[in-house]
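Notes for the one structure printed next.
The values are calculated or read from the model by the stated rules, or taken from the named source; none is laboratory data. Predicted model only: the values in this text are computed from it and were never measured. Neighbour counts run over all protein chains shown; Cβ positions are idealised from the backbone, glycine included.
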Protein chains: 2
Amino acid sequence: MRRLSFEERRSELLDAAVRVIGREGLAAATTRAIVAEADMPLGAFHYVFASRDDLIAAIVEHITEQERLAAWMDADTDATCAEVLTRGLDAYLRLLESEPQREMTLLDVATHAMRHDPDAVQRQWATYRAAARASLSYAAELAGITWTRPLDELAWSLASCLDGLTLSWLSTRDSDAARRHIRLLADAFAAYATPVKETTDAD
Amino acid sequence: MRRLSFEERRSELLDAAVRVIGREGLAAATTRAIVAEADMPLGAFHYVFASRDDLIAAIVEHITEQERLAAWMDADTDATCAEVLTRGLDAYLRLLESEPQREMTLLDVATHAMRHDPDAVQRQWATYRAAARASLSYAAELAGITWTRPLDELAWSLASCLDGLTLSWLSTRDSDAARRHIRLLADAFAAYATPVKETTDAD
DNA sequence: AACCAACTTGGTCAAACGTCCAACTGCGAC
DNA sequence: GTCGCAGTTGGACGTTTGACCAAGTTGGTT
């Protein structure tokens, strides 16, 4: 008998649920399958969560809190904007290739939440877009450019394109085509970059 | 007691299943919910389909057969390539806005099939990409241009971007942002267009 | 009219499901 | 020490699920 605090048990159940969903899908994530994955008795489930819906709602928030787009860019002097973006998008594709189940979990939960909790999906996508915005800012800094269109608009577009990249790679598993597509995307966004004046210049 | 042929009953059950999934999601599409939607007794289900999985697999093929991207472009003389593309993408967005349930059904079935029948997903996406290819060809004809990159590559990218547009609009329901994004996409693809010589020219 | 194959139907079955609960156990406060 | 509460547990409940079947019905063929 392991004795855990309420929060510890809740956290372990959430992790176990994410693993089960990633491996077998949301439909297979029954209360029994989740507690089996977490190596707990069935009764432990409803001690922590009021219902299965409660658990699923918590997963959306749990995933939202995690940063998906962290540390894409690798600093490199004298790289063009398109190169920086290509490298960043490539890093995301490698992440996708290495653990596709993670994105499939996200898809499963998002499609479920679209019907049962649309607000949660909006919040999740908002943080997703914020991460895209941060990446674009960082890319601009690395490449020494500024964006010629509102950063929020470009961030919306980038997040949308990443959704598409994810869905199409998961559907086709065609990494070569995905990389060709990435170069097209990088060029598309680089079209909205312009060199920034050196800081030695006057205001 | 309605007396139907095997194919008629099968077709009605497929349509009923698509309606149920669109309205309440794949998880709610139980055998009983489907036959209730089709106004049939429960026994009729397993007379036509060997199992529920059999029905779901049939839905993937059923949806794949339907043309999603038909008649996007409206003929218009003296329109630039970007204008033609913008108009086509706008038409798709209007379709998405008018019946989002249709795309949610597709999403539900696709995510399910990713785990249980990856080949079916690849086939579905292949027809999707073929439709994107046809649209790009038609757009080139309307705008009087040719593409400066292989049509297959551009088609893969367009299909991917459409996936992203669909997913991000379903998540945010932000039609204004989606339309701004569409103009960015249209410009991106138009960058790979070049005017075609008049047919009066030699060779 | 007799017949057969195709079709229809309501009921039944075991399994799996989400939820709940009463009894039990161990830890910390007093 | 002992008391109380937070944590733990296995079993049980009623419902829903996918699947199955035997009996009934219909329409066309002979």
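Just a few scattered comments:
- Residue within region A:86-107 that is small (G, A, S) and within 14 Å of DNA strand C (Cβ to nearest atom) present: no
- Answer residue from region A:35-51, given it is surrounded by 14 or more Cβ atoms within 10 Å (Cβ to Cβ), part of a helix (DSSP H, G or I) and touching a residue at least 24 places away in the same chain (Cβ under 8 Å) and is nearest to DNA strand D (Cβ to nearest atom) among those: A:A44
- Taking region A:4-46 as the range and being among the basic types (K, R) and more than 26 Å from the chain's Cα centre (by Cα) as the test, only A:R32 passes.
- 2 or more residues more than 13 Å from chain B (Cβ to nearest Cβ) and in contact (Cβ under 8 Å) with a residue 12 or more places away in the chain: qualifying helices (runs of 4 or more DSSP H) within region A:80-162: A:81-98, A:118-143
- Residue in region A:13-28 that is surrounded by 18 or more Cβ atoms within 10 Å (Cβ to Cβ), within 13 Å of DNA strand D (Cβ to nearest atom) and under 30 Å from A:A126 (Cβ atoms) present: yes
- Residue within region B:185-196 that is away from chain A (no Cβ under 11 Å) and of a type in the set (A, V, I, L, M, F, W, C) present: yes
- Screening A:T148 against (1) under 30 Å from A:K197 (Cβ atoms); (2) modelled with pLDDT under 95; (3) in contact with a Phe, Trp or Tyr (Cβ under 7 Å, 6 or more places away or on another chain) leaves a single unmet condition, (2).
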